[in-house]
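*Asks:* Can you read through this structure? Questions will come right after.
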């Protein structure tokens, strides 16, 4: 073992990560954080809702709790996660969901161990995008979450944030914050031999009306005549079943249902296969309050890592990522024709599209690698270990 390895092993901690919302092998929770902690020598257990009781993968012990029958029952499952977490007798507890904040605070009080809250979103704005909530209730819950989240989180050992304005908001309210951005593990996406591009454009990530699910139908309707062999591949689940039904029916009415494929769940290891086959990556987000915040979506980094040119809505967070990398076209968010024209330009000029893709790949290597974020995560754990 190397000297560095000895040092990491000597400071090893028993870590319990838990999430009631994310899938067992979520990109951020499992592939980036849990695996990185295991690779650094820590003993990691992950508690998740899953159809299995126990699995071991990449050195992480994954324990499944019975999935709830609905959203309301999921909200009531915090007590089960609290009991399961306490039974692990960990030295650091690391949870990932807003709904688990009360359980996290009780865990801090009862166990007297270090507790970390990993805040994935600007939740006061994210509440406004929840399709299942009544319209009148959304602003009330948004204000309540804006007070409730920092009021509890400031009593924990650390809050991990993903974007600067989120960190600033929580720090102003007395939370101890650490930035760990959602950059990709580049080794998963970069390949020595590139796959031949197909007549496909792609959207990666969760689907909702605000994230362009309906607009993508209009885009494909506009491209169908000029590029009859073109297909759209959407990798990711819809945020609600009724939204999926609405969009699928709209695609049928627009006569493009045969050229749009929805694949709700794709193992993270297989995402790169799809990205390397596509010719353009899409981010047709709409000017929704949450998306007008400085968002750093996974999809942009992963498109860039695979050398995929991007057509995206000209929103603040997307502009900040794409402009310095010269890796894509920014267009007016609500202008369907502008999206169509930008995609058509890239399809008709493969040389320019490849140049954009290569520029994005090079920029990702220098600026958007998980390796730098991994150091921030491990530094936080070193500090908590030193306090132990």
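The values are calculated or read from the model by the stated rules, or taken from the named source; none is laboratory data. These numbers come from a predicted model, not from an experiment. Cβ coordinates were reconstructed from backbone atoms using ideal geometry, including for glycine residues, and neighbour counts include every protein chain displayed.
*Asks:* Counting just the residues of region 239-254 that are modelled with pLDDT of 95 or more and within 25 Å of residue 271 (Cα to Cα), which one comes out farthest from the chain's Cα centre (by Cα)?
*Replies:* Pass one, region 239-254, residues modelled with pLDDT of 95 or more: 244-254.
Still in the running and within 25 Å of residue 271 (Cα to Cα): 244-245, 247-248, 251.
Numbers: 244: 20, 245: 24, 247: 22, 248: 24, 251: 26 Å.
The extreme case among them is 251.
*Asks:* Buried (at least 20 other Cβ atoms within 10 Å of the Cβ), assigned by TED's automatic domain parsing to the domain that holds residue 227 and modelled with pLDDT under 95 - does that describe any residue in region 255-273?
*Replies:* yes
*Asks:* To continue, here is another question. Condition first: farther than 19 Å from residue 237 by Cα and either part of a helix (DSSP H, G or I) or out of contact with any strand residue (DSSP E or B) (no Cβ under 9 Å at 6 or more places or on another chain) (or both). Now tell me which residues in region 253-280 satisfy that.
*Replies:* Matches in region 253-280: 253, 254, 255, 276, 277.
*Asks:* Now for a separate question. Which condition number in (1) buried (at least 20 other Cβ atoms within 10 Å of the Cβ); (2) touching a strand residue (DSSP E or B) at 6+ places or on another chain (Cβ under 6 Å) is the one that residue 65 fails?
*Replies:* Against the list (1) buried (at least 20 other Cβ atoms within 10 Å of the Cβ); (2) touching a strand residue (DSSP E or B) at 6+ places or on another chain (Cβ under 6 Å), residue 65 comes up short only on (1).
*Asks:* Applying the selection to region 171-204, what residues are assigned to a loop (DSSP other than H, G, I, E, B), modelled with pLDDT of 95 or more and surrounded by 18 or more Cβ atoms within 10 Å (Cβ to Cβ)?
*Replies:* 175, 180
*Asks:* Somewhere in region 137-158, is a residue over 21 Å from residue 94 (Cβ atoms) and in contact (Cβ under 8 Å) with a residue 60 or more places away in the chain?
*Replies:* No; the residues of region 137-158 include none that is over 21 Å from residue 94 (Cβ atoms) and in contact (Cβ under 8 Å) with a residue 60 or more places away in the chain.
*Asks:* If you don't mind, another one. Could you check, for region 61-84, whether at least one of its residues is within 30 Å of residue 369 (Cβ to Cβ) and not assigned by TED's automatic domain parsing to the domain that holds residue 264?
*Replies:* The answer is yes; a qualifying residue exists.
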